[in-house]
Amino acid sequence: MADNSTFIQIAARARVGQAAVSRVFTPNAVLSVKTTEQMPQAARELGYRPNVPRSLTTGKSRLMGPTVAYLETCLYPEVLEKLSSALQYQGYRVLTFMASHKAGKYCKY
């Protein structure tokens, strides 16, 4: 079941309602101590991982998106590689964006 557990499965494992599961994963939601302790354990046992939209709404996506103008020089690919490696080591996912430009505008070989 790892990687595709649902709130229904977690609720069944923790013997609570689906709404309680939703509240546990909602920041600042009010729940009993017992429910708050049961749910994460059930989620871990099932291999639950929050989906990306939930991560984005909590502001904790751990996604970085550097934007570069061009990669024609030897420096930028190396910098991007080192930046990506360092960010991944810290637990971030990296998605690189290319900004449009006119060829030759920024440098010439």
Under Karplus coefficients 6.51, -1.76 and 1.60, residue-wise ³J(HN,Hα) of the stretch 16-24 in Hz, glycine/proline x: 9, x, 4, 4, 5, 4, 4, 5, 4
Check which residues have an amide H placed less than 5 Å from M64's amide H, if you skip close sequence neighbours. R93, V94, L95
Return the FRET efficiency for the residue pair T67, K34: r is the Cβ-Cβ distance, R0 is 41 Å, and the value is rounded to the nearest 0.05. 0.30
Suppose the chain between K60 and L75 were pulled fully straight at 0.36 nm per residue; how much longer would it get relative to their current alpha carbon spacing? 2.3 nm
Within a Cβ distance under 13 Å of V68, other residues only, what is the Lys/Arg minus Asp/Glu net charge? -3
In nm, what is the difference between 0.36 nm times the number of residues separating F97 and R15 and their Cα-Cα distance? 25.1 nm
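FYI, it's all coordinate maths here, none of it is from the lab. Computed from a predicted structure; not experimentally measured. Positions of Cβ are backbone-derived with ideal geometry, glycine not excepted, and every protein chain shown enters the neighbour counts.
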